[in-house]
Amino acid sequence: MKNEQWSSRWGFIAAAIGMAAGTGNIWRFPRVAVQNGGGSFIIAWLVALFVWSIPLLIAEMVIGKKTRLGTIKAFTQMGASKYSKFFGSWITWVCIAIMSYYSVVMGWTIKYFILSLTNNLTTNTSFIWSTFINSPNQTISFHFLAVLLCVFVVYKGITNGIEKVTKFLIPTLFIILIVCAVRALLLPNSIKGINYLFTFKLQELLNPKLWLEAFTQSAWSTGAGWGFIITYAIYTKKNSDIAVNCFITGISNNLVSIIAALGIIPTIFALSSQQAAMEAINSSNTGLAFIYYPKLFPTMVGGKWLAILFFLAMVMASLTSIIAMFEVAVKNLMDYGVSRKKAAVITGIVAFLLGLPSAYNIEILNNQDFVWGVGLLVSGLFVSLTIIKYGAEKIRNNEINTEYSQLYIGSWWTKFIKLIPIIFIFIFGWWIWQSIIWYPGNWWNPFAVYSLGSIIFQFIIVYLLILLINKLKFIN
């Protein structure tokens, strides 16, 4: 499969945007934004895009394009240090861990697409959601179906599978989300939702938790630190423009997030009392999008058909993101001599088995989303350390600003790459301190859904697992 390559620039960009713009934009962003200050969060999130995510996307594309290897061997080749293989292995694991519960979320979208097709979405959306999410037989079955669909696409390869799918799905996704947002904004009282989403309070920017959530969301949603762009860059042509492609990917991702939020937040306020709207927003309900979007469609002309299109778009969004996660695992297996088809099947089996706990219990899914969202920040740290060790200025001059570049990248990129470890230490260190203060009796509990102890416990397990695997002959 050494000759696999994107057939066009649009093919790569569509795949890259599809990688970034997924259910994290529709399912995760609106919920996290309104629970962390609305407009204040959005400002921090935009800062994170330009000082964290885009610089890291550029760095990752350099690594993939330069080495033409999966994340483990790419970091080993680029890093020239005893920690390089661990860095690549960590990034690979975090991607696999997120893939395993993301496929569960994709299963939700398939379920709701079927409900919309069969006209079984009613106004009692909370009941539908709670009934489904508390039925393990259903959630596990749809998790399996999601994994099966992903295996099929990745099995087909880059141009015949991933590229063909994303080139069709991404424009369709944008159109459907825009239509939903326009309708939501025309609802009576939707202005209350807009005000809540964009209201800015300066004092909220002093809250370290807001910055942790903003940087986590940006990394989670853009794919910075996942190894996606490293893997997709392997298949780019020599004259691919690194800077322009990464800026388009990052900005398009944020645009999808804002459009999705404009669809759901105004709908919550327009179709609920003020008290009910605030309760919904503050409930930390993972299923906000699945409860409130279905309430929007009956208010629209042709709402039934739009519901079908919307949940089809949700399936599309989740599919274009999760196939990138699959490809990260598949490419690493291919680097060690496994064929693409076998690697796709192996990855599918692993994804299904690892995702079973999250499919069985939504609290486990919430925990995994919390732990590995923070894990992505660690991945970003490892990317920046690798680039710093190799020589950020050398990379900027020789790999980014080439004769094929349409956008010149100044020394700001080098400064931001070197700033990332400092940002990480400040945000993560402050959050650790605050988490101990917030949960004085429970911060250490490794089995609590949202606790420092849970993060430390799982990070240690993965660290030891990586050390063990890296000693095996297969990895060496």
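The values are calculated or read from the model by the stated rules, or taken from the named source; none is laboratory data. Note that the structure is predicted; figures quoted are calculated from it, not measured. Reconstructed Cβ throughout: ideal geometry from the backbone, glycine too, with neighbour counts over all protein chains shown. Just the protein is used for accessible areas: all its heavy atoms, side chains included, with ligands, DNA and RNA removed. Shrake-Rupley method; radii C 1.70, N 1.55, O 1.52, S 1.80 Å.
Here are the numbers:
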{"item": "Degrees separating the helix 136-155 axis from the principal Cα axis of the chain, which is the longest one", "result": "40"}
{"item": "Gyration tensor (alpha-carbon) shape descriptor, the stretch 225-357, a/c threshold 1.5", "result": "prolate"}
{"item": "Length-normalised contact order for the chain - Cα pairs under 8 Å, 6+ apart - percent", "result": "32"}
{"item": "Label-point separation in nm, Val345 to Asn445, each point 7 Å along Cα→Cβ", "result": "4.4"}
{"item": "Loop trypsin sites (Lys or Arg not before Pro), the stretch 80-119 (other Cβ atoms within 10 Å of the site Cβ: 16 or fewer; DSSP)", "result": "Lys82"}
{"item": "Using alpha-carbon coordinates, inclination of helix 39-48 to the longest axis of the chain, degrees", "result": "10"}
{"item": "Cα gyration tensor shape for the stretch 306-437, rounded if a/c is under 1.5, else prolate or oblate", "result": "oblate"}
{"item": "Theoretical FRET efficiency, 1/(1+(r/R0)^6), r = Cβ-Cβ of Val179 and Leu464, R0 60 Å, to 0.05", "result": "0.75"}
{"item": "HN-Hα J in Hz across the stretch 170-182 - Karplus 6.51, -1.76, 1.60, θ = phi - 60°, x for Gly and Pro", "result": "5, x, 4, 4, 4, 4, 5, 5, 5, 4, 5, 5, 4"}
{"item": "Correct option for Rg and Dmax of the Cα atoms in Å [calculated from the coordinates] among [x] 25.2, 78; [y] 21.2, 64; [z] 24.3, 74", "result": "[y]"}
{"item": "Solvent-accessible heavy-atom area per residue, rounded to whole Å², over the chain at 1.4 Å", "result": "39"}
{"item": "Normalised contact order of the stretch 88-218, rounded percent, pairs of Cα under 8 Å and 6 or more residues apart", "result": "19"}
{"item": "Rounded tilt (10° steps) of 303-335 against the dominant C-alpha axis of the chain", "result": "20"}
{"item": "Inter-probe distance in nm under a simple model that places probes 7 Å from Cα toward Cβ, at Lys82 and Gln35", "result": "4.1"}
{"item": "Set of lysines near Lys201 by C-alpha distance (under 28 Å), chain-local residues within fewer than 8 positions excluded", "result": "Lys192, Lys209"}
{"item": "Eligible lysines near Lys389 by straight Cα distance, threshold 25 Å, same-chain separation 8 or greater", "result": "Lys65, Lys66, Lys73, Lys82, Lys85, Lys238, Lys331, Lys415, Lys418, Lys471"}
{"item": "Chain lengthening between Tyr408 and Met278 when straightened (0.36 nm per residue, less Cα-Cα)", "result": "42.3 nm"}
{"item": "Linear extension gain, Arg9 paired with Phe168, 0.36 nm per residue minus alpha-carbon span", "result": "55.8 nm"}
{"item": "C-alpha center-to-center spacing [the stretch 75-147, the stretch 403-476] in angstrom", "result": "21"}
{"item": "Contact order relative to length of the stretch 350-476, as percent, for alpha carbon pairs under 8 angstrom and 6 or more apart", "result": "19"}
